[in-house]
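Undergrad: Right, I'll just put the structure down here and ask away after.
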Amino acid sequence: MPSIATGRHFLQIPGPTNCPLPVLEAIARPTIDHRGPEFKRLAGTVLEGIRPIFGTCEPVIIFPASGTGAWEAALVNTLSPGDHVLMFETGWFASLWRKLAERLGLKAEILPGDWRGGVDAAAIEARLRADRGHAIKAVCVVHNETSTGVASDIPALRKAIDAAGHPALMMVDTISSLASIEYDHDGWGVDVTVAGSQKGLMLPPGLSFNAVSPKARAASVTARLPRAFWDWEDMIAANASNVFPYTPATNMLQGLKVAIELLQAEGMDNVFARHERAARATRAAVAHWGFETQCADPARHSASLTAVRLPEGHSADALRETILERANMSLGNGLGPLADRVFRIGHLGDFSDASVTGTIAGVELGLKQAGIPHRGGGVEAALGILAGNA
Ligand SMILES: *Cc1c(COP(=O)(O)O)cnc(C)c1O
């Protein structure tokens, strides 16, 4: 094997994703004065333009941080020490958010899940009905569980909370769904939406977001968890004059402006349809190979990634290693209990039919090279979907 990788690297992990060249070019432009007139124009455009991506008319707060920072910001702005939050164990990322909540001094209760389905709205409703004294202050869920490839029904969760007549805030992590899978912060009655730059938004890692409802902002007035860097009201006040309370990630905001323009030009409905189609093509290949997806609920398959279970006795990590070395393609690893059992194919952000096809072909090639038993012809099955013949 030659030691040098040739051709364009296929970054097909479920985030960070491939960045379009115009976005990278915008980030590479000279850094500008973050208090000058050019920056104010940029900030104004970005702070306005990001709202429809979340489906909100309310403020969207932009932090120079990875998604984890926006998780923390959502909690510290709205809650007080010892507050009870209710979560649902969709997988690895839901479990991480819970651990973060515990480290902040919150009482985080997680309803158990089997990592193969979405949020069980009926179980949440039952738990909230039992909470007669309204001790639970927030319900926090992951929209698209990136460890399993399951997208949950957020409007159903809203209905469940309302049916229980419970006042808890509803918080949703959309880090791997925003700008890939339909989402409507205002229309779905979400109080805090958490997002990151490096997945559907097609930017490098480094920015994260909170979209906040009036109810969430009202909660922040009395919330007593300590916060300084993450404080929403400092941000909202500064953003009103198109500046930030501390140095913003100016170059990333230059990239975000272009990413928003690209999404607007394509049209969000087309963006969602493109992801859905790539997901269907990928699942057609997986089914043809004879493998199961980690998502066991046909109604809840993610449009942004597919987690594939290898048959017992075969190493998903060895397969990924073969594919990286021989095809110059990165796939996502199995997380937590799914380590080595599952590999994840990212189909989100910036991609074409050719990149989807190339990804599936690279996986099938790797299966052959790694000697993993499968039925050949998954690529053909995927082409059928992409060509519209299936
Ligand atoms: C990627 C991801 C995160 C973690 O975000 P970081 O940017 O790594 O901090 C959290 N939740 C979900 C659903 C994700 O996909």
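Rule-based calculations on the coordinates, nothing more; no lab input. Remember, predicted model here, so these are calculated numbers, not experimental data. Glycine also receives a Cβ, built like all others from the backbone with ideal geometry; neighbour counts cover every protein chain displayed.
Undergrad: Among residues other than GLY7 whose Cβ falls under 15 Å from its Cβ, what is the net charge (Lys/Arg +1, Asp/Glu -1)?
TA: +1
Undergrad: Less than 10 Å Cβ to Cβ from ALA163, Lys/Arg counted +1 and Asp/Glu -1: what total charge do the surrounding residues give?
TA: Result for the local shell: +1.
Undergrad: Once the piece of chain linking ASP317 and VAL221 is laid out straight, how much longer is it, given 0.36 nm per residue of separation minus the C-alpha distance between them?
TA: 29.8 nm
Undergrad: Shifting gears a bit: Starting from the coordinates of the alpha-carbon atoms of the chain, obtain the Kirkwood hydrodynamic radius over all distinct pairs and give the value in Å to one decimal. Before the final figure, lay out each step's value.
TA: Working: mean 1/r = 0.0463 Å⁻¹.
Every distinct Cα pair counted, the radius reaches 21.6 Å.
Undergrad: Something else: Taking square-rooted eigenvalues a ≥ b ≥ c of the alpha carbon gyration tensor, is the stretch 251-329 rounded, prolate or oblate, where a/c under 1.5 means rounded and, failing that, a/b exceeding b/c means prolate?
TA: oblate
Undergrad: Give me the percent relative contact order of the stretch 21-264, please, defined on Cα pairs under 8 angstrom at least 6 residues apart.
TA: Numbers: 478 pairs, mean separation 76.0, N = 244.
Relative contact order comes out at 31 percent.
Undergrad: The stretch 1-81: D in µm²/s via Stokes-Einstein (Kirkwood Rh, Cα pairs, 4 °C, 1.567 mPa s)?
TA: 78
Undergrad: If you average the alpha carbon positions of the stretch 5-36 and of the stretch 330-388, how far apart do those two centres end up, in angstrom?
TA: 24
Undergrad: Here's another thing I want to ask about it. Please go through the residue pairs LYS107/LYS215; LYS99/LYS199; LYS107/LYS159; LYS40/LYS99; LYS137/LYS159 and name each one whose alpha carbons sit more than 27 Å apart in this structure. Mind dumping the intermediate values first?
TA: Values: LYS107/LYS215 21 Å; LYS99/LYS199 22 Å; LYS107/LYS159 24 Å; LYS40/LYS99 38 Å; LYS137/LYS159 17 Å.
From the list (LYS107/LYS215; LYS99/LYS199; LYS107/LYS159; LYS40/LYS99; LYS137/LYS159), the Cα-Cα distance tops 27 Å for LYS40/LYS99.
Undergrad: Taking K and R as +1 and D and E as -1, what net charge do the other residues with C-beta under 11 Å from the C-beta of THR148 add up to?
TA: 0
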